[in-house]
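In what follows, a single structure is set out as structure tokens and then discussed.
The values are calculated or read from the model by the stated rules, or taken from the named source; none is laboratory data. Being a predicted model, the structure only gives us computed values, none of them experimental. Reconstructed Cβ throughout: ideal geometry from the backbone, glycine too, with neighbour counts over all protein chains shown. To get the accessible areas, we keep the full protein, side chains included, count just its heavy atoms, and leave off ligands, DNA and RNA. Shrake-Rupley method; radii C 1.70, N 1.55, O 1.52, S 1.80 Å.
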Amino acid sequence: MENIFIENDRTSRKLRTLLSYQTALYQYKKLHGLARISWGTWLIVSLTIAIWCITAYQVAVLSGAHTLFAILANIMNNAVDIKDNDALSTVLINYGAKDNDLIVQGQYWRFVTPIFLHANLLHVGLNMLNLAVLGVFLERLVGHLRYLLIYFVTGIVSIIASFYFMPQEISVGASGAIFGLVGAYSIFVLMHRRAFPKHGIPALLWLIIVIGVNLGIGLFVPNVDNYAHIGGLLSGCLLGWWFTPLYTLSPNKTLVDTHSLARRWPLALLTIASVLLLAILARLLMGG
């Protein structure tokens, strides 16, 4: 008799998890118009590419290119391997790259602006491709506001990690925030593992392999800021635990997302305040 109750309880938990997973996955289909479009992702992608076009133009001009052909040639010559690091560093610093000396002097907006800056065509292309694929899916899953919260909080935390652990490096890129999205989705899968075949073990192993490979690349490829990646990933896991959808049946038999911002807005405010405190703490510990 006890085994029957245990089995029934397991079946019940699996059904509840499956219901939560399916609801979260297809909730966006109930929306209409702009609310159904992943506008947060496309806005970030468009803005980031536009900023890269401006900085790439500035780098080309600073390197001595003045005609359209020369500017395009300079951009393509630097698409994979940077030929003029001095010009690139100058432009990126002017536009808001993470530079510890300038942050210590009071330019704290540099904890945010590096997320929108990229070094070359390969850098921006890979990051925006990953963001377009993962971002559209995750924004549909968690909704626009939670998506933007996760993206920007993890992006800022990644810059703070770079600021503290790699003080000598000038850093730019959205990869920390993208790792944050991966971390948040990994926790969503973990919470809904009973909805996957074999309790989600293959799906979780695949995510671990993807994360491991990407972090491993940073060990062998120069100028890759793995501290930023790890900072984004860990903060993304934490935010995923707090804010990715988890649907339960209310007493009146309606599905309720217990992790929605409407229910967890105090935690969202606390998260933002904690990031500010983390930035202040990192600044104090760095001295200067």
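Taking first residues from segment 105-126 that are over 20 Å from ALA50 (Cβ atoms) and open to solvent by 70 Å² or more (accessible area, probe 1.4 Å) and partners that are at pLDDT 95 or above and outside any helix (DSSP H, G or I), no Cβ contact under 6 Å between residues at least 6 apart in sequence or on separate chains turns up. Kindly evaluate ALA73 against the criterion of being aliphatic (A, V, I, L, M), more than 29 Å from LEU270 (Cα to Cα) and open to solvent by less than 10 Å² (accessible area, probe 1.4 Å). Answer is no for this residue. For segment 89-104, a residue qualifies if it is without any contact (Cβ under 8 Å) to a residue 60 or more places away in the chain, open to solvent by 20 Å² or more (accessible area, probe 1.4 Å) and not hydroxyl-bearing (Ser, Thr, Tyr), and the qualifying residues are ASN94, LEU102. For segment 256-288, the tally of residues that are in a helix (DSSP H, G or I), within 21 Å of LEU238 (Cβ to Cβ) and touching a residue at least 60 places away in the same chain (Cβ under 8 Å) stands at 9. Would you check if ARG194 is open to solvent by 80 Å² or more (accessible area, probe 1.4 Å), at pLDDT 85 or above and more than 15 Å from the chain's Cα centre (by Cα)? Judged against the criteria, ARG194 is not a match. Of the listed requirements (1) under 22 Å from the mean Cα position of the chain (by Cα); (2) open to solvent by 50 Å² or more (accessible area, probe 1.4 Å), ASN85 misses just one: (1). In segment 18-70, the residue that is nearest to the chain's Cα centre (by Cα) out of those that are open to solvent by 30 Å² or more (accessible area, probe 1.4 Å) and of a type in the set (Val, Ile, Thr) is ILE49.
Within segment 218-255, which residues are open to solvent by less than 80 Å² (accessible area, probe 1.4 Å), without any contact (Cβ under 8 Å) to a residue 24 or more places away in the chain and in a helix (DSSP H, G or I)? Once the filter is applied, which keeps residues that are open to solvent by less than 80 Å² (accessible area, probe 1.4 Å), without any contact (Cβ under 8 Å) to a residue 24 or more places away in the chain and in a helix (DSSP H, G or I), segment 218-255 yields GLY218, ASN226. Just to be sure before I move on: is PRO266 open to solvent by less than 90 Å² (accessible area, probe 1.4 Å) and within 27 Å of MET191 (Cα to Cα) in the structure I sent? Yes, satisfied.
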